[in-house]
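S.K.: Got a structure for you, written out below as structure tokens; questions coming shortly.
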Amino acid sequence: MLNKVLPDTQEFTFTAWVRPDDERVANLLYEGAAFTPGRDLELATRVGGLLFATFTKVASPGPDPIQTDSVLKVGSWQQVALVLGGTGTKIYLDGKVVGSSSVVSHNIGFHSSAYIGAANHGFQVEYSFKGAMDDIRIYSRGLSDSEVLQLYSFEKGPLPDQDSDGLSDEDESFTYNTSPTDADSDDDGLNDGDEVLVHRTNPLKADSDGDGYTDYTEIFAGKNPRDASDAPAANLGVFPAIELEFFTQLGKSYVVEHSTDLQVWTLHEGPIVGDGKVWKQLLPTRAQEARFYRVVLAP
């Protein structure tokens, strides 16, 4: 309960961020006189999470509810808004109009303490919303389309992404069931964001099509990781490599450096403590830019 009686107002705006746990019949906002059924203003959801609004105050035109085809998504944060303005009434979801009426309504008369997340028809509190609500705002005027969109964009902001895989922590936890702290939940060599947004593979299954090859292997081979009939062949690849080596003196320390221009040198390996033997290292050359290598005594 808001524990506050809203004043008479010709125009009105309610906005809130909601994260439902189910698709029950539930009130997001209810404002009316207790023990006076049929004289209220409400924003609610029907079975299936469909948004709708009703306006049945005395002398308030448009007693028929505004219906929408928009469903609140279980487990995800979404912004909802109800606007009673001078040119009509609108319902918004994530900054966009999803239901409207050209009939001008109002919120005048028949007030008692407003309810957020439930309804009170005088006999009992009912139609409780199950989930979480945040950033609730009530205005005594009707916000414009651009103002609602601006508010949505401001409040949404960038969502946290702890593992930097391109999926928000919220989507990983509530939508994809992937780990928000592990960029590659199925350890197939592809990060979760690329699997969901680019390749459309299953981020929880290393081999999405069950053909015995990981998704990464199929993509690397130019095959379709979602089609078991399109699998890599057992072709043998032969590629050149280079071998680095130098003679070490017992007790001396060395570093191996690389450069692309013979001007700026970057540490490649070291320090290497000499043991009087030959130090060797084999390096692949695929997908590598041309480099120069040198060995110097460590400072």
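S.K.: Within straight cross-link reach of Lys130, meaning Cα distance under 19 Å, which lysines are found once same-chain residues fewer than 8 apart are removed?
M.R.: Once the sequence-local lysines are set aside, what remains near Lys130 is Lys73.
S.K.: Could I ask something else about it? Go through Ala241, Thr285, Gly157 and say which Cα lies farthest out towards the positive end of the charge dipole of the chain; charges sit on Cβ, +1 for Lys and Arg, -1 for Asp and Glu.
M.R.: Final value for the positive-end residue is Gly157.
S.K.: Mind checking which of Asp211, Asp261, Asp94 has the largest fluctuation in a GNM of the chain, springs on alpha carbons under 10 Å?
M.R.: Ranking Asp211, Asp261, Asp94 by mean-square fluctuation puts Asp261 first.
S.K.: Quick check on the exposure proxy: order Lys90, Lys252, Lys223 from fewest to most C-beta atoms within 10 angstrom.
M.R.: The most exposed by this proxy come first: Lys252, Lys223, Lys90.
S.K.: Right, something else. Amide H of Phe129: which non-local residues (sequence gap of 5 or more, or other chain) have their own amide H closer than 5 Å, using H built in the peptide plane?
M.R.: Answer set, sorted by chain and number: Asn27, Ala118.
S.K.: Same structure again: Provide the per-residue ³J(HN,Hα) series for segment 87-95, in order, calculated from phi with Karplus coefficients 6.51, -1.76, 1.60 and θ = phi - 60°, each as a whole number of Hz, with x at glycine and proline positions.
M.R.: Rounded to whole hertz, the list is 10, x, 10, 9, 10, 10, 9, 6, x.
S.K.: Residue by residue, what Karplus-based ³J(HN,Hα) values in Hz, rounded to whole numbers, does segment 275-286 have, using 6.51, -1.76 and 1.60 with θ = phi - 60° and x for Gly and Pro?
M.R.: Those phi angles translate into 10, x, 10, 8, 8, 9, 8, 9, 10, x, 10, 5 Hz.
S.K.: Only Cα pairs under 8 Å and at least 6 apart count here; give the relative contact order of the chain as a rounded whole percent.
M.R.: Value for the chain: 15 percent.
S.K.: Along segment 69-76, what does the Karplus equation 6.51 cos²θ - 1.76 cosθ + 1.60 (θ = phi - 60°) give for ³J(HN,Hα), rounded to whole Hz, x for Gly and Pro?
M.R.: Computed from phi, the couplings for segment 69-76 are 9, 8, 10, 6, 7, 4, x, 10 Hz.
S.K.: Could you size up the charge dipole of the chain around its Cα centre, putting +1 on the beta carbon of Lys and Arg and -1 on that of Asp and Glu, and report it in debye to the nearest 20?
M.R.: Its charge dipole is roughly 940 debye.
S.K.: Additional query: Please work out the Cα center distance from segment 185-247 to segment 260-299, rounded to the nearest Å.
M.R.: Computed from Cα coordinates, the inter-centre distance equals 30 Å.
Read-outs: derived from the displayed coordinates by stated rules, not from any lab. Just so it is clear, the model here is predicted, and its values are computed rather than measured. Quick reminder, even Gly has a Cβ in these numbers, built from the backbone with ideal geometry, and neighbours come from all protein chains shown.
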